[in-house]
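The values are calculated or read from the model by the stated rules, or taken from the named source; none is laboratory data. As the structure is a computational prediction, the values presented were derived from the model and not from experiment. Cβ: placed from backbone, ideal geometry, glycine included. Neighbour counts: every protein chain shown.
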Amino acid sequence: MKLVHWKTQQITGKEKVEYFFDPSLVLIPTTKTPRTPKRGSDSGSSSQTIAHKHLFSPCTIVKRGEECTLTKTSDGTLYKLTSDKLIQLTQQDRLGLEDVLHLPNITEPSLLHTLRVRYNRDEIYTNAGPILISINPYKTILKLNSSIYSESNMISYRKNKSSAPHLFGIANRAYNALTTKDRNQAIIISGESGAGKTEATKIIMQYLAKTSHGAGHAGSETNRLEEQVLASNPLLESFGNARTLRNDNSSRFGKFIQIKFQDGHISGASIQNYLLEKTRIVHQIEGERNYHIFYQLLSDEALCAELGLDNAEGFQYLSKRFVKSKRDEKGLCETKECLDNIGLYEEEQRIIFQIVAGVLHLGNIQFTPGGEGEDGDEVADIVEEASKKSLATACKLLGLEESAVSKAILTKILSVGGKTITKSQNVVQANDKRDALAKMVYSSLFLWLVSRINTTIHHAHSPEELLSPSSAKSFDFEEPEIMKSIGVLDIYGFEQFDVNGFEQLLINYANEKLQRHFNKHLFEVEQELYAQEGVDWTYITFNDNRPCLELIEGGGGSIGILGTLDDAWGGMGSGNEKDVKFVSHLHQLFGGSQETSGSVMKKKKGSDGKHPNFQMPKFSNDKDFIVVHYAGEVSVCQDDVFVINTTCQEAYL
């Protein structure tokens with residue numbers, strides 16, 4: 001504490017007066033530094049301001065003028081800023097308090113600076129009242145030569161000997177509330193992709209398992225159940241996680257894990273999954289990978305020989321430049337061990353690996369124009385012997401008839417006026433049907449694995465039940481009232497890529513719902529309670545995201561994006577025609593292309609007929625639109641990644 005205070009003093013003994021540096025106020029930097037646009041300027045001034053290396057860092061005033069103020073940052077860089085809009089640092093701002101609610105003035109600069117100070121001290125957790133803010137350090141953090149997630153640290157939180165901000169503190173608070181107040185608990189883990197949500201989920205589950213284990217004299221079946229609950233994490237990661245540009249182990253699905261307790265120890269669990277990213281199965285952007293399990297299989301030479309995976313570089317569904325790694329070899333061993341733990345032994349594991357390999361072989365089936373159909377359209381045919389071999393191998397591994405699969409891909413059956421018509425497919429349509437089959441097979445396997453995990457971890461099994469799953473108790477979500485639970489939600493973070501499709505729209509929609517839940521319980525409910533109890537307080541304004549939710553899901557008498565998608569995809573027409581129709585309707589409804597009737601809709605829109613959370617591209621594009629989410633603007637593109645061949649409800653349920 002003395003050291004921090006000493007740093008804020010000048011040689012004269014007077015306390016140095018410091019301010020938060022605001023890049024948006026910069027006029028002209030007097031030294032060679034990255035130019036920051038003036039406030040109100042075009043072309044990404046906001047994003048450049050946020051990315052500025054001195055954002056809200058301490059600075060001192062060198063000279064005040066009538067029109068500008070000369071400031072100096074900690075590294076000696078001089079900037080000219082507009083007038084006197086700088087906010088002064090307080091002593092508490094400099095300390096990096098454990099709870100930002102204890103700051104005398106809670107502002108964006110003071111919050112971000114507090115997080116920066118703590119992060120530089122390897123204190124990655126900070127409280128905001130009942131909320132824990134976590135910053136991913138991308139490294140192992142040690143305290144007194146021990147991991148901050150060590151068993152001894154767990155014990156210190158369990159015995160209430162430590163109160164520093166930590167995931168253990170959140171888990172311990174939930175466990176105490178469950179056991180002492182006899183109320184179900186829920187922990188929501190939210191953040192952008194790569195923020196560390198999956199790791200946080202595992203740490204919380206490890207703490208609950210350890211705490212439950214020490215709560216009493218649980219039997220061996222209960223101890224094994226705790227092991228099985230923890231073992232479900234790496235298994236789901238193998239089949240549901242992938243390497244992205246931001247994260248080497250990114251969850252490409254959401255999950256809600258409900259851990260059930262009885263007499264203080266774990267008595268069962270269940271997992272609900274959401275939004276598996278099916279597009280990744282057949283396509284990945286440059287620098288990213290498919291799901292881990294594909295590469296794990298390819299790391300085992302014996303499996304490759306058995307499943308026909310010898311030419312690892314030749315699979316179209318895998319990112320280019322495939323390189324075998326020790327991590328994948330280790331991952332396969334862990335996957336097999338987890339499959340053992342949930343009662344899936346050698347024969348069933350072999351079937352699972354066959355299905356995964358079958359998906360890879362499906363991707364190598366190529367098509368070529370094979371002449372004209374009866375209506376004069378170009379039709380597809382399977383090209384080359386190599387593709388026919390891939391089809392045969394895929395069907396063998398998946399247990400399908402080769403002729404039936406070929407017919408299903410190359411033709412389409414239509415019912416018109418009570419008559420059945422068989423229509424040949426062109427190359428584009430055949431490719432789409434092949435990819436749709438691959439996505440359906442893999443996603444069905446993933447759902448089956450989740451179901452099998454649920455059957456295993458639903459209650460404590462005896463060894464005999466594990467050896468014979470058919471004799472185990474039937475899976476049922478109905479629980480006795482004496483059982484209480486702690487739910488842990490780990491779902492996609494907000495996503496904003498160069499190309500954003502239907503999956504990104506749904507992922508960001510889910511994040512909007514979580515943000516709305518947060519706003520409602522942290523601001524609206526609390527402030528209503530203050531008003532009812534006559535507490536003297538000042539109303540807190542917050543960024544209400546209800547208009548964005550209504551734009552997506554509809555409400556208040558208006559149709560939303562999802563409802564418009566259903567309408568556009570009804571009736572006749574090609575996929576491309578329906579895409580154009582869909583976006584055209586959006587531009588008309590929300591982009592101000594035409595006057596929309598209805599008092600409710602006019603109230604939500606501006607005077608120009610535009611919805612505040614909807615934008616049209618600057619350059620005319622009949623397949624793109626922009627949604628303004630609470631976390632940023634996202635341009636949604638339908639080209640290749642947005643096309644769906646079913647109703648909207650079927651697609652996202």
F239 passes all but one of (1) modelled with pLDDT under 95; (2) within 19 Å of the chain's Cα centre (by Cα); which number fails?
(1)
So which helices (runs of 4 or more DSSP H) are wholly in the stretch 288-402 and hold at least 3 residues that are under 30 Å from L230 (Cβ atoms)?
292-298, 301-307, 326-341, 346-362
Identify, please: which residue in the stretch 261-287 is polar (S, T, N, Q) and not in a strand (DSSP E or B) and is, among those, farthest from V441 (Cα to Cα)?
Q284
Just checking, which of E577, E526 is modelled with pLDDT under 80 and either farther than 27 Å from S251 by Cβ or outside the structural domain of C637 (by TED's automatic domain parsing) (or both)?
E526
Mind counting the residues in the stretch 585-609 that are surrounded by 17 or more Cβ atoms within 10 Å (Cβ to Cβ) and modelled with pLDDT of 70 or more?
7
Check Y295 against each of (1) hydroxyl-bearing (S, T, Y); (2) surrounded by fewer than 19 Cβ atoms within 10 Å (Cβ to Cβ); (3) under 20 Å from L360 (Cβ atoms) and name the one condition it does not meet.
(2)
Only listed residue being touching a His at 6+ places or on another chain (Cβ under 7 Å), in a helix (DSSP H, G or I) and at pLDDT 90 or above, chosen from L551, L565
L551
In the stretch 119-167, which residues are among the charged types (D, E, K, R) and assigned by TED's automatic domain parsing to the domain that holds E199?
K139, K143, E151, R158, K159, K161
Selected residue (criterion: modelled with the lowest pLDDT) from residues of the stretch 179-223 that are over 22 Å from G254 (Cα atoms) and surrounded by 19 or more Cβ atoms within 10 Å (Cβ to Cβ)
A218
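The rows are residues; the columns are (1) aromatic (F, W, Y); (2) touching a residue at least 24 places away in the same chain (Cβ under 8 Å); (3) crowded, with 16+ Cβ neighbours inside 10 Å.
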| site | (1), (2), (3) |
| --- | --- |
| E524 | no, no, no |
| Q532 | no, no, no |
| E553 | no, yes, no |
| K581 | no, no, yes |
Filter the stretch 390-423 down to residues that are touching a residue at least 40 places away in the same chain (Cβ under 8 Å) and more than 30 Å from G571 (Cβ to Cβ) and give me whichever is surrounded by the fewest Cβ atoms within 10 Å (Cβ to Cβ).
L398
Please verify whether Q262 is within 20 Å of R434 (Cα to Cα) and of a type outside the set (K, R), treating the condition exactly as stated.
no
Test set (1) free of Cβ contacts under 8 Å to residues at least 40 places away in the same chain; (2) surrounded by 11 or more Cβ atoms within 10 Å (Cβ to Cβ); (3) among the polar types (S, T, N, Q) - N545 fails condition number:
(1)
Any residue at all in the stretch 283-290 that's under 27 Å from S485 (Cα atoms) and without any contact (Cβ under 8 Å) to a residue 40 or more places away in the chain?
no
Residue count, the stretch 612-634 (criterion: under 25 Å from the mean Cα position of the chain (by Cα), modelled with pLDDT under 90 and of a type in the set (A, V, I, L, M)):
1
Within the stretch 452-468, identify whether any single residue is at pLDDT 90 or above, among the charged types (D, E, K, R) and surrounded by 14 or more Cβ atoms within 10 Å (Cβ to Cβ), and answer yes or no.
yes
Is there a residue in the stretch 264-279 that is under 24 Å from N511 (Cβ atoms) and without any contact (Cβ under 8 Å) to a residue 12 or more places away in the chain?
no
Considering the stretch 12-37 alone, what residues qualify as being within 15 Å of C59 (Cβ to Cβ) and modelled with pLDDT under 85?
K16, L27, P29, T30, T31, T33, T36
